[in-house]
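Enquirer: Dropping a structure here in structure tokens format, bear with me for questions.
What follows draws every value from the coordinates through simple rules; no lab data is involved. The structure displayed is predicted, hence computed values, not measured ones. All Cβ positions, glycine included, derive from the backbone under ideal geometry; neighbour counts span all protein chains shown.
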Amino acid sequence: MMHSFLDAHGYDPGPSQRPYLSGALSGVLATAPAVGVLIAFGALKVEAEILGLSVLATVAIGWVVMAIAGAAYARFFGRAANAVRGGWLFGMTFGFALWAAGAVLVLPLISHGHAPAGSAALGVAASLIVWGLATGILVPFVHRPFHESIESAAKSADVGPGAAAAKDARIRQQRQRNAG
């Protein structure tokens, strides 16, 4: 039921949408305010010490990681990531999930059990939520220049009514094979 609803309403971004690129660029741009939060809470210095890196190297690696996270955000939320009204909420949710997965789980694993504490820990959490908020706000606007026009996309066999009909036919064939 839910699968057919999502298919009918176009949840999956099409090949003309380039969600990875717009998400990665948004993630890079959103890293600036997040780094500001890390600095304000003293968390950037603590993270660098835990990782055994300089502050500059920590920021550089963080920018790459957040570009990947931005691409994952745009792909995970699909067309919903382009929602101008709701993107901020999707972004904050994703930022919270990154905090839970990254700062709470991965950082202690790669640092032999070390993790930020006190105000530094609050700074890491706040920075990822701010990053998510900024990413969620930015994706719809960063995405627009990368979105292919309807006219040029219609010439592609990967989009349009023909592509939808072909996908539907493949799904029906798969269901028949599974049933028989």
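Enquirer: Assuming 0.36 nm per residue, please report the length gained on full extension of the stretch residue 122 to residue 172 beyond their Cα-Cα distance.
Expert: 13.0 nm
Enquirer: Same structure, new question: List the trypsin sites (Lys or Arg not before Pro) within region 31-137 that DSSP assigns to loop and that have no more than 14 neighbouring Cβ atoms inside 10 Å.
Expert: Counting only loop positions with at most 14 other Cβ atoms within 10 Å, the trypsin sites (Lys or Arg not before Pro) in region 31-137 are 85.
Enquirer: Let me ask something additional. What does the charge count around residue 123 come to, taking other residues whose C-beta lies under 12 Å from its C-beta (Lys +1, Arg +1, Asp -1, Glu -1)? If you can, show how the numbers build up before the last one.
Expert: Working: positive: 45; negative: 47.
Every neighbour counted, the sum reads 0.
Enquirer: Same structure again: Taking the Cβ of residue 111 as the center, what net charge do the other residues with Cβ under 13 Å away carry, scoring Lys and Arg +1 and Asp and Glu -1?
Expert: Summing Lys and Arg as +1 and Asp and Glu as -1 gives -2.
Enquirer: Measuring from label point to label point, each 7 Å out along Cα→Cβ, what is the residue 164 to residue 111 span in nm?
Expert: 4.9 nm
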